[in-house]
Structures are given as structure tokens and as C-alpha cells.
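Scroll down for the structure; my scribbles are underneath it.
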Amino acid sequence: MYGIDVWTPLSPAIQSALQESAILFSISDYTTQQAVAAQELDSKRVDNFPCTFATTRYIPGPKPPDLLERYDLHPEQPILLTISRLAASEQYKGHEQVLQALPSVAKTFPDVRYLIGGTGDYADALKQRSRELGVADHVIFAGFIPNDELAAHYQLCDAFVMPSRGEGFGIVFLEAMGCGKPVIGGNQDGSVDALDGGRLGVLVDPLNIEELAESISQILAKTHPNRLLFDPQALHDAAVATFGPDAFRQRLRDALTPLLESRPH
């Protein structure tokens, strides 16, 4: 069960299949809660099964010179990043909240830049909002980022920020952590699972702009108490140990073995 796809209305056939399955895999506690309520499922048959990521592709590295040049940035410049679809139907991602936090962050970090990657019908509204808030000069709309440039963009930033309110899980969090980057996510959705309850990142109230701005500033100043966030290789290793392919396979083995052993021979 993968996020919003299972907590929106489904056909009777699919809903019946979900209700009659011996076991259901869900990518997060939040997805489980939403799906159980929407599809009238038995939560006892749901096994949380978080996503994995390409651990050899998303690795720590220096800020890529070509991207610094492309976006007219310098290596010491503090850079925030969000990568997602910019769909009006997905305003829960938290872009506007980051824009609202920027004036406070810019008081301490006047040359901060917020790089927004992605395309969609929400982009124009965000551009207008950045002008209304007086932070347009701090915001860069990167547009579509191809897959072969994703890792480089994570390496470019100093913090990946997506304080969402309705994310099923958030593989982008794993990819950013794999690149050794501090991550800020919301404390009300699947981001909690992706950040392992806050062990691997910072969880904030996505509607508390003051808290969000403070967390961003603490990361940029390297004063946040979670020191793991400032050791790129250790953060990468922790993300791999928790969400890498080996952990994924072990979870699958643990989940399926009792089911298979209970079948009649």
C-alpha cells in the first residue's frame, strides 16, 4: 500500500482484494492509518514495510561545480532544496511554509537560496507567493530535474527541506540522507517513518513557521543537537543500515516466512 493511492476511493474489486488479502504491506504508519480508515481494513493484517533506495547512487560528495555555475551560486552559500511534483493537488508538500520561513532564516543567512526542483501547475502560484513574501531573490525554480542529476542536486544543498502534511513515505528523504544531507520533514505523516522517528533527521510541525525557521537555521549553523546530521558518511551509513536493500530483503523475509510456513504442504 503506497501512499495516497490506497486512501482515495477504489473500485469495489480492488477494495475487496485488500480486505481479503492474508497480509498487506504498507510503506508507513501514516499510510496504514489512512488506508485502514478509508478501505475498512483490519490493521492486524498490515505489516509496515518502508521503501528502500539506490544506496550506491546516492552518496556523499562535494557541491558539483557545474550546478554551482548553472544556478549562479558559490560553494559557501547556504542552499536549501526541495524536489517534488509541483502539483496544485499536492500543496501539502510544504513549499509555501518554507517560503514563509525564509525571511527569518535570511536575517541570519542573508545569502541563503531555496532551490525548488520539479514542474507542475503549482509553480506559478509559488513564484507569486515568493514575490508577495519578498523572498523572490532567495528562490530558484530549477524546473524538471532528470534522474541522472538527482544525486548531484542533493549534493549541492546544505539541507533538504520538505515539511509535508500528507506524504505516504518520501523516498526523496532517503536519497538526500544517502547523500549525507540533513533532512527536515513534517511530524504528521509518513515522513516520521522515513526519518526513523527523528533519529535520521529533524521532524517539525509543518504549520509552525517559527519552528521550521529555527530548525533550518540550526542546521545551517550546525548547532542542531542531532550531531549525526553533520557527519555525511555516518548519516549515509545509518540510512543504508535502516533502509538499504539488505534491510529491505530482511524485512520481506521476516514478513513472508511465517505466512509461507503456515501453508499446508
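The values are calculated or read from the model by the stated rules, or taken from the named source; none is laboratory data. Nothing here was measured: the structure is a model prediction, and the numbers come from that model. In this analysis, Cβ positions are derived from the backbone assuming ideal geometry, glycine residues included, and neighbour counts consider all displayed protein chains.
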Within the range 236-265, restricting to residues that are more than 25 Å from the chain's Cα centre (by Cα) and not in a helix (DSSP H, G or I), the one that is nearest to G201 (Cα to Cα) is S262
The lone condition G118 fails out of (1) modelled with pLDDT of 95 or more; (2) more than 16 Å from P163 (Cβ to Cβ); (3) within 20 Å of the chain's Cα centre (by Cα) is (2)
Regarding E214, is this residue of a type outside the set (A, V, I, L, M), at pLDDT 95 or above, in contact with a strand residue (DSSP E or B) (Cβ under 9 Å, 6 or more places away or on another chain) and assigned to a helix (DSSP H, G or I)? yes
Out of (1) under 30 Å from I23 (Cα atoms); (2) at pLDDT 95 or above; (3) in contact with an Asp or Glu (Cβ under 6 Å, 6 or more places away or on another chain), the one E167 does not meet is (2)
Of (1) at pLDDT 95 or above; (2) within 24 Å of Q34 (Cα to Cα); (3) among the hydrophobic types (A, V, I, L, M, F, W, C), A247 satisfies every one except (2)
